[in-house]
1. List the pairs whose first member sits in the stretch 3-18 and is more than 18 Å from residue 79 (Cα to Cα), whose second member is assigned to a strand (DSSP E or B) and among the polar types (S, T, N, Q), and whose Cβ atoms are under 8 Å apart, counting only residues at least 6 apart or on separate chains?
2. Just give me the residues in the stretch 1-57 being of a type in the set (Val, Ile, Thr) and either within 12 Å of the chain's Cα centre (by Cα) or in a loop (DSSP other than H, G, I, E, B) (or both), in sequence order.
3. What do you reckon, is residue 176 modelled with pLDDT of 95 or more and part of a helix (DSSP H, G or I)?
4. So residue 142 fits all but one of (1) within 18 Å of residue 84 (Cβ to Cβ); (2) among the small types (Gly, Ala, Ser); (3) touching a Lys or Arg at 6+ places or on another chain (Cβ under 9 Å); what number is the exception?
5. Please determine, by comparing only the residues of the stretch 76-110 that are among the hydroxyl-bearing types (Ser, Thr, Tyr), within 25 Å of residue 15 (Cα to Cα) and assigned to a loop (DSSP other than H, G, I, E, B), which one is modelled with the lowest pLDDT.
6. Could you tell me whether the stretch 44-64 includes any residue that is of a type in the set (Lys, Arg) and either over 27 Å from residue 167 (Cβ atoms) or in contact with a Gly (Cβ under 7 Å, 6 or more places away or on another chain) (or both)?
7. I need a count of the residues in the stretch 23-80 that are within 30 Å of residue 187 (Cα to Cα), among the polar types (S, T, N, Q) and loosely packed, with under 15 Cβ neighbours inside 10 Å.
Amino acid sequence: MTLILFGGVQGVGKTTLLSWLEHRFAERITLLDPGELFRRYFYNEKLKTVEEIEELIVSTLEKVPHDAVVVVHWHYAVRRPSGYIPQISFPRLKRLASRGKIDQVVLLVVEVPVDVIYERRIMDFSSKKRALVRSVIHEEIATDETFLMRYQDAFSKALGDHRVLIFRVPNTNLEKAKHVLRKFFDSLLK
């Protein structure tokens, strides 16, 4: 499987771009949204623990066909009251990587400047709870980058450097971002 962690801080346009990808490459990629599983089972219904949800995500990935391209809506660093944590614990990800199901990992990062994130968060403020302070957004971006390097290190140790790629997508212009993604996925899905 090719595993693509499609990440970036809140407000960079991940959901918009993932919706477009889902339509554009409908039957050629598999999408997974761990955040939705956490919202459903942990925050809303309180049916599962964080550990149980992480196991559900890992087991879902393990059941994907070997030749699949899986795109996962990702947050490299998740802010909690106690500090930042990875979306799924590093030991679980290392275990997944060591089981031989993953051929390649792409750590995809959607990026925009702080001021653009700030403006997008203001527009979404009534429906989404997000930090509206520029210094906090700077902190989120820096922390995301730190965690991105930790993901790269973890996957590289399990799979080898040659099987782990960081791919950055600037998203100040939606059509340009779609063009970059179209070219990337067209080459990946040949």
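1. From the stretch 3-18, the pairs are 3/104.
2. Within the stretch 1-57, the subset of a type in the set (Val, Ile, Thr) is 2, 4, 9, 12, 15-16, 29-30, 49-50, 53, 57.
Scanning the stretch 1-57 gives 4, 9, 12, 15, 29, 49.
3. Working: modelled with pLDDT of 95 or more: yes; part of a helix (DSSP H, G or I): yes.
It is true that residue 176 is modelled with pLDDT of 95 or more and part of a helix (DSSP H, G or I).
4. (3)
5. Among them, the one singled out is 89.
6. As a first pass, look at the stretch 44-64 and keep what is of a type in the set (Lys, Arg): 46, 48, 63.
In the following step, the residues that additionally are either over 27 Å from residue 167 (Cβ atoms) or in contact with a Gly (Cβ under 7 Å, 6 or more places away or on another chain) (or both) were identified as 46, 48.
Yes, the stretch 44-64 has at least one match.
7. Qualifying residue count for the region: 1.
The values are calculated or read from the model by the stated rules, or taken from the named source; none is laboratory data. Values in this document were obtained by computation on a predicted structure and should not be read as measured data. With ideal geometry, Cβ positions are generated from the backbone for all residues, glycine too; neighbour counts draw on all protein chains shown.
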